[in-house]
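The structure under discussion appears below in the form of structure tokens.
Please treat every number below as a calculation from the coordinates, not as lab data. All of these numbers come straight from a predicted model, not from anything done at the bench. We place every Cβ from the backbone using ideal geometry, glycine too, and count neighbours over all the protein chains shown.
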Amino acid sequence: MGFSPDWLALREPVDHASRDASLLAQAVACAGSTATVVDLGSGTGSTARAFGDTGCKWRFVDGDAALLDIALARHPGAERVVFDLRDIDQLPLDGVRLVTASALLDLMPLEWVTALAQRLQDAGIPFYAALNYNGQMRWLPRHAADADVTDAFNAHQRTDKGIGPALGPTSADVAAEVFVKHGFDVHRGDSPWRLNGATVQLHDELLSGIGEAAAEAGFAQAQAWVADRRANVAETVGYIGHTDIFAVPHGMGE
């Protein structure tokens, strides 16, 4: 479930441009200017940079110490917590006003999301989760294999990423249902990647990753699709669907 710093840096500008602006603003307002925010699976701290210079204190929580070193170097006032995300019961929530995550829920199983919702319900803490892949992929011009690649990729997204069978493209829908059942008001927003001639390097690497996953899921023509798509990537427009959610405990802020 690890990611390279280069990949995270490559995707960050598109991630920031894609976040639902209304939900981001609500999360920023919830965090305030002095509170502590826990960022789960924080990587190099992209969520903190998306929030901007708000003054809140970040507690970066990730299992990858090297990525956390980069996050701390970029945010010297933050806390660095090397942590096994499977251990929700031990999540360091003391003094925390908000928990965030980005591009994480689609990697996680139902049991993990349920445990997190229970923990946050007990603590009365809101949850902002952005950029959850939702199963939608489209390209122009079209290719005859687009639908088959998407189906195979989505099947791969549901495989075990080291913690249990992942929710994959259903993550935002399932997480919203789980948090509602645990007493949260859940707000949703779209945050699709829109790829074009200005994002060729990201798009090119993404196509390779999609093709590899589709091939592993059993689609025999995946690599031919990748070759066709990469040959024309600069002239291709891509849409990769994501959904953001912001879950607030009932009555909070009223």
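In the chain, helical runs assigned H by DSSP with n ≥ 4 each contribute -39500 (n - 2.57); averaged across all residues and rounded to the nearest 500, the mean residue ellipticity at 222 nm is -12500 deg cm²/dmol. The residues Val81, Val178, when put in order of fewest to most other Cβ atoms within 10 Å, stand as Val81, Val178.
Counting DSSP beta bridges with both partners in the chain, what percentage is antiparallel, nearest 5? Close to 55 percent. Mind jotting down the distance between the C-alpha centroids of region 87-116 and region 180-202, whole Å? Each part's Cα centre sits 18 Å from the other's. With contacts taken as Cα pairs under 8 Å and at least 6 residues apart, region 1-119 reaches a relative contact order of 27 percent. Taking the chain as the reference, fit the longest principal axis to its C-alpha atoms, fit the long axis of helix 5-18 to the helix C-alpha atoms, and give the angle between the two in degrees, 0 to 90, nearest 10. Relative to the chain, helix 5-18 is tipped by roughly 80 degrees. Among Lys57, Lys181, the ranking by other beta carbons within 10 Å of each residue's beta carbon, starting with the fewest, stands as Lys181, Lys57. Counted by neighbouring Cβ atoms within 10 Å, the residues Asp185, Asp6, Asp39 run from fewest to most as Asp6, Asp185, Asp39.
Compared with the dominant Cα axis of the chain, that is its longest principal axis, helix 222-231 is turned about 90°. Computed from Cα positions, the angle between helix 171-181 and the longest principal axis of the chain comes to roughly 30 degrees.
Under the criterion of Cα pairs below 8 Å and six or more residues apart, the relative contact order for the chain equals 22 percent.
Separation of region 138-173 and region 203-254, taken as the distance between their Cα centroids, equals 8 angstrom.
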